[in-house]
Every structure is written in structure tokens, then in C-alpha cells.
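Novice: Mind having a look at this structure? Questions to follow.
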Amino acid sequence: MKEFFAMGGYGFYIWCSMGMVFALMILEPLMLRFQRISLTKRIRGQIRRQAARSNKDLPS
């Protein structure tokens, strides 16, 4: 078992690489979710501003 984790003397490099890949695989979907939420908020705000501007332009 010890030989498996040592990976022929390259274990530290291999396991650090695997850890980074795992961390990035978890981090990427989280970042995409937060970006989507932020973009949705910006679009909703822009739609509200455009609606308010068009209501302001209507004759009373």
C-alpha cells in the first residue's frame, strides 16, 4: 500500500496534481453558478431601468 502512494518516488507530485484537479472540478461549477446569479441580477436591473424609462416617456 505504501508503494502505491509513493508512486515510484513521484507520489507527492502526482497526489498534489490530483488534489488540484479535484479542487478545480469542485470550484468551476460553483463559480459558474455565482456568475449566472450575478448576470441574472444585472439583466433584471437593466430590464427594470428600461421599463421605468419607457413609462417615463409615455404622455400623461
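Novice: Leaving out ligands, DNA and RNA, and with a 1.4 Å probe, what % of the accessible surface on the chain is carbon or sulfur?
Specialist: 67 percent
Novice: For the chain, what is the mean residue ellipticity at 222 nm derived from helices alone (per DSSP H run of n ≥ 4: -39500 (n - 2.57); sum divided by total residues; nearest 500 deg cm²/dmol)?
Specialist: The helix-only estimate for the chain comes to -31000 deg cm²/dmol at 222 nm.
Novice: What dipole magnitude, in Debye to the nearest 20, does the chain give about its Cα centre under +1 on Lys/Arg Cβ and -1 on Asp/Glu Cβ?
Specialist: 700 debye
Novice: Still on this model: Give, in nm to one decimal, the length gained when the segment between Glu3 and Met31 is fully stretched (0.36 nm per residue of separation minus the Cα-Cα distance).
Specialist: Length difference between fully extended and current span is 6.4 nm.
Novice: Which FRET efficiency value, to the nearest 0.05, is calculated for Met20 and Lys41 with the Förster distance at 25 angstrom and r the Cβ-Cβ distance?
Specialist: 0.20
The values are calculated or read from the model by the stated rules, or taken from the named source; none is laboratory data. A quick note: this is a predicted structure, and the numbers were derived from the prediction, not measured. Here the Cβ is made from the backbone with ideal geometry for all residues, glycine too, and neighbour counts use every protein chain on show. Surface accessibility is based on the protein's heavy atoms, side chains included, excluding ligands, DNA and RNA. Shrake-Rupley method; radii C 1.70, N 1.55, O 1.52, S 1.80 Å.
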